[in-house]
Amino acid sequence: MRWRGERRSDNVEDRRGVRPAGLAIGGLGGIALIVIALLMGADPMQLLQQVGTTSMSSDQGGQAATNPEEDKLAEFVSVVLASTEDVWVDQFQREGMAYQVPKLVLFTGQVQSACGMAGSATGPFYCPADQKVYIDLQFYQDLQNRFGAPGDFAQAYVIAHEIGHHVQNQLGILEKVHEAQQRVSKEQANQLSVRLELQADFLAGVWAHHTQKMRGMLESGDLEEAINAAAAIGDDRLQQAGQGYVVPDSFTHGTSEQRARWFRLGYETGDMNRGDTFNTNRL
């Protein structure tokens, strides 16, 4: 991915090494177990309500020193965020709307969001209550080593997916889905979650399409990196790896094939209006 020398975003909050005022307890083991199902855009409010949090400390520690490799990764994240800003500001303008750019928070270990306290095991997430994306850069090591999805464009896809949730929030889709989930069974709520997540994958593909047109950032093999990352975190593959069998009714993000296909569709069309995952019989 050609990202060096590109514009950086001013909307990154660097909280790495800062100890939050509250510490989630009693739930880290649970979070570690369900992180596989929650990676890449889980509903953090539902998760944190289930896990629960307890305040342990009111101290706000100073920011710890960071290493050059991590600082380089933070710069990369800032450039990717800037590219999402450029793409979605333009796309919303074309639709006669105004795009409100989100913040992206870098943290280490644990973080306090408007959706509650979360640990790094939660994976990257978007909090609609404060319109911020949260990511512990250590996740990228897991993406490469644990999930077998290396490459800088795979890392960019992670951010673009979470920004996709912000786009959904801007369009009022998140609120409608969350309201609908309160009125249906658990299995039906999971199905709505799958459709929501697949649409975020599609929107990530739309971003990739337009960032290539606007900046020419993609290199040979980049698209394959993103598609591989999308497939690597499919519910079926993760459940099979984690427990040896799959339970389709419990899927919350979609299968590997679905995630990769919707990302590719977004990339090929570049049309944000072609990603209506809620009114299609083929996910």
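Scoring 227-236, 134-143 by mean Cβ neighbours within 10 Å over their residues and listing the highest first yields 227-236, 134-143. Taking amide hydrogens as placed 1.01 Å from N in the peptide plane, the amide H of Ser113 sits under 5 Å from those of Ala118, each at least 5 positions away in sequence or on another chain.
Put simply, the amide H of Glu13, placed in the peptide plane, has neighbours under 5 Å in Leu104, Val105, Leu106, leaving out anything fewer than 5 places away on its chain.
Over segment 61-117, the fraction of Cα-Cα pairs per 5 Å bin, rounded to whole percents and listed from the shortest bin up, is 4, 14, 18, 17, 17, 14, 9, 5, 2. Taken as Cα centroids, segment 81-95 and segment 118-192 sit 19 Å apart, rounded to the nearest whole angstrom. The distance between label points at Val247 and Ala180 comes to 2.4 nm (points 7 Å beyond Cα on the Cα→Cβ vector). In terms of surrounding Cβ atoms within a 10 Å radius of their Cβ, His253, His178 rank from fewest to most as His178, His253.
Arranged from fewest to most other beta-carbon atoms within 10 Å of their beta carbon, Lys103, Lys132 become Lys103, Lys132. Couplings 3J(HN,Hα) of segment 224-231, computed from phi: 5, 4, 5, 5, 5, 5, 4, 6 Hz, in residue order, whole Hz [Karplus 6.51 cos²θ - 1.76 cosθ + 1.60, θ = phi - 60°; x for Gly and Pro].
With contacts taken as Cα pairs under 8 Å and at least 6 residues apart, segment 89-241 reaches a relative contact order of 21 percent. Each 10 Å bin from 0 upward holds the following percent of the Cα-Cα pairs of segment 104-176: 20, 48, 28, 4.
Each value in this text was obtained by applying a stated rule to the coordinates, not by laboratory testing. Predicted, not measured: the structure shown is a model, and the values here were computed from it. Note: ideal-geometry Cβ built from the backbone for every residue, glycine included; neighbour counts use all protein chains shown.
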